[in-house]
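**Student:** Please read through the structure below; I'll follow up with questions.
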């Protein structure tokens, strides 16, 4: 894919060590070694973006948010009571709860003296 886009795949930096969002951003920053004034983009799922940006801010890495993979109603507008399908939406509810718990956990770690900068 990179060759088709005219990009050198040898310029791609990969993190194979991270186990969570915090480690992913920490290790990515170390790999990227951003210079002052450079603009870096954080592209991730829209549902994950608030947590990922909170981690980036905690690390002191000023990133530009680029949300992807939005979950929408498909242009139908707001759901009507007859459209509500709780069993069919459990996956979305699970993702939202996961993100809120992640935000709370990162906030708790910061309040308990989590690292600001590696």
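The values are calculated or read from the model by the stated rules, or taken from the named source; none is laboratory data. Fair warning: this is a prediction, and the values are worked out from it, not measured in the lab. Because the Cβ atoms are built from the backbone with ideal geometry, glycine has one as well, and the counts that use them run over all protein chains shown.
**Student:** Of the numbered conditions (1) at pLDDT below 90; (2) part of a helix (DSSP H, G or I); (3) within 15 Å of the chain's Cα centre (by Cα), residue 23 satisfies every one except a single condition; which is it?
**Tutor:** Status for residue 23: all satisfied but (1).
**Student:** Restricting attention to region 26-47, which residues are closer than 18 Å to residue 67 by Cα and touching a strand residue (DSSP E or B) at 6+ places or on another chain (Cβ under 8 Å)?
**Tutor:** Passing the criteria: 39, 40, 41, 42, 43, 44, 45, 46.
**Student:** So residue 10 fits all but one of (1) assigned to a helix (DSSP H, G or I); (2) within 17 Å of residue 106 (Cβ to Cβ); what number is the exception?
**Tutor:** (2)
**Student:** Name the residue that is nearest to the chain's Cα centre (by Cα), counting only residues in region 7-16 that are surrounded by 10 or more Cβ atoms within 10 Å (Cβ to Cβ) and more than 16 Å from residue 52 (Cβ to Cβ). Even if it seems obvious, please write down each step before you answer.
**Tutor:** So the first thing to find is which residues in region 7-16 are surrounded by 10 or more Cβ atoms within 10 Å (Cβ to Cβ), and the list is 7, 13, 15.
Subsequent filtering for residues that are more than 16 Å from residue 52 (Cβ to Cβ) retains 7, 13.
On the way: 7: 24, 13: 17 Å.
Among those residues, the one meeting the criterion is 13.
**Student:** Something else: Which residue is surrounded by the most Cβ atoms within 10 Å (Cβ to Cβ), if the candidates are limited to region 26-64 and must be more than 9 Å from the chain's Cα centre (by Cα) and part of a strand (DSSP E or B)?
**Tutor:** 63
**Student:** While we're here: If residue 107 meets every condition in (1) modelled with pLDDT under 75; (2) in a helix (DSSP H, G or I); (3) under 18 Å from the mean Cα position of the chain (by Cα); (4) exposed (fewer than 13 other Cβ atoms within 10 Å of the Cβ) apart from one, which number is that one?
**Tutor:** Unmet condition: (4).
**Student:** Considering every residue within region 55-78, establish whether at least one is modelled with pLDDT under 90, in contact with a strand residue (DSSP E or B) (Cβ under 7 Å, 6 or more places away or on another chain) and over 19 Å from residue 105 (Cβ atoms).
**Tutor:** yes
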